[in-house]
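Q: Dumping the structure here so I can ask a few things about it.
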Amino acid sequence: MGLSTRQMWNMKKFYQRYADSDPKLLQAVAVLPWGHNLLLLNKNLNDADTLFYAEEAVKKGWNRDLLTSALKMKLHEHKEFRTESDNNFSKTLPAPQALYANEVFRSSYNLGFLGVTSPILELELERRLVDKVKLFLLELGKGFTFIGNQYELEYNGKTSRVDLLLFHRGLRSLVAIDLKIGEFKPEYAGKMNYYLSLLDRLERFKGENRSIGIILCAEKDHVEVEMALEDMGKPIGVADYQLIIPKEELKQVIESEIKAFKEDKMLENSNNE
């Protein structure tokens, strides 16, 4: 048959791995390309996690590189929290970056650390976020750097202001955040599309990827978001926020802050010696 020794061993490994597995898992891996199966075999995943990657790869048309990226990011550890994405990243970003962006940006953020118990104006919400920017960045995830708030963009004799401007090291993209105290409205997407055009033209450095926009609202309707973003040419996501933080999540935030504070102090002391 012209098979190499390595191919024969891989075939044996495949048989041993799935011989006694659930039929649903067998059906899922049977339709995967052989290269995809080899990636999964080498990760020693359990049946549930293997099924997750197999189904995601088929459903989303992942090539081998995208499956590799998904495995490196350990998406299976977060599959319980994955929801329908309210963004157009898959249409506006290259496939690997779109995959990464979907994991970086969530559909909901918890801003309970702000201590807000009643609706507040957008500028007040922004001020509190800026005051506690370290906690805000922890809520967004790893890799974010704060650039500024009410960041001015001057073009054609007019000045526009982005509520919050960040940079994500992994994505190598500027990230504009527009804060809204009410529910999502379709016109917000057009405004963000304009901001991103300005950022790409005025602020993006050579070698950086396209700027990404996140509209952060109190509420959103998935169907309305999907329609608003359908023909947008810039990568935009819409997320909602919660203003009351659960006790366990608050405990985790506090513990993270204490740890970070101790590390900063140790570094400061070592630099002074």
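Q: So which residues in the range 130-189 are polar (S, T, N, Q) and open to solvent by less than 40 Å² (accessible area, probe 1.4 Å), if there are any at all? Before the answer, list the steps.
A: The initial filter retains those residues of the range 130-189 that are polar (S, T, N, Q), namely 145, 149-150, 156, 159-160, 173.
Hits for the range 130-189 are Ser160, Ser173.
Q: Still on this structure, please answer the following. Among (1) touching a residue at least 40 places away in the same chain (Cβ under 8 Å); (2) in contact with a Phe, Trp or Tyr (Cβ under 8 Å, 6 or more places away or on another chain); (3) of a type outside the set (Asp, Glu), which single condition is Ala176 missing?
A: The single condition Ala176 does not satisfy is (1).
Q: Tyr241 is checked against (1) at pLDDT below 90; (2) over 20 Å from Leu137 (Cβ atoms) and fails just one. What number does that condition carry?
A: (2)
Q: Would you list the helices (runs of 4 or more DSSP H) that sit entirely within the range 21-78 and hold 2 or more residues that are under 17 Å from Asn102 (Cα atoms)?
A: 47-60, 64-72
Q: Which condition does Leu3 not pass, out of (1) outside any loop (DSSP other than H, G, I, E, B); (2) free of Cβ contacts under 8 Å to residues at least 24 places away in the same chain, if it passes all the others?
A: Looking at each condition in turn, Leu3 falls short on (1).
Q: Here is a further query. Got a number for residues in the range 10-20 being more than 24 Å from Asp65 (Cβ to Cβ) and either surrounded by fewer than 10 Cβ atoms within 10 Å (Cβ to Cβ) or modelled with pLDDT under 90 (or both)?
A: 3
The values are calculated or read from the model by the stated rules, or taken from the named source; none is laboratory data. As the structure is a prediction and not an experimental result, all values here were calculated from the model. Virtual Cβ from ideal backbone geometry, glycine too; neighbours counted across all protein chains shown. Please note that ligands, DNA and RNA were not included when accessible areas were found on the heavy atoms of the full protein model with its side chains. Shrake-Rupley method; radii C 1.70, N 1.55, O 1.52, S 1.80 Å.
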